[in-house]
Amino acid sequence: AALDARPARPAAPDALRGTEAVALALDRAGAPPAEDLLAPPPGAALHPNPLYRDGVRQWPNPRWGEEYGDRVAAYLPELAPVGLDREQAARRRVLVDLPERW
């Protein structure tokens, strides 16, 4: 849903088996859907994702690559996408809102 910039849809518990993370949201009757929950706060200083070096995704160590490589391929490809606007780059995590001392 985040990559498609659309609201998430409810899922049945059986459909979530094997999922590593879920997001829970309070459905306030009649409330409009939240804007973009993955968008950085307005005015946030975005920085290039530190996993990209010279445009190539590099894991801090082989264990990270083994554990997360297949899981992030949909939004954090091996080669940094080019030509994305700020919003797209933030949604794909090419640009990230990191603490200043990261």
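Any read-out appearing in this document is the output of simple, stated calculations on the displayed coordinates, not a laboratory observation. Nothing here was measured: the structure is a model prediction, and the numbers come from that model. Heads up, the Cβs are rebuilt from the backbone with ideal geometry, glycines too, and the neighbour counts pull from every protein chain shown.
Counting 0.36 nm for each residue step from A5 to V96 and taking away their Cα separation leaves a gain of 31.1 nm. Here the calculated FRET efficiency for E78 and A15, from their Cβ-Cβ distance with R0 = 41 Å, stands at 0.90, rounded to the nearest 0.05.
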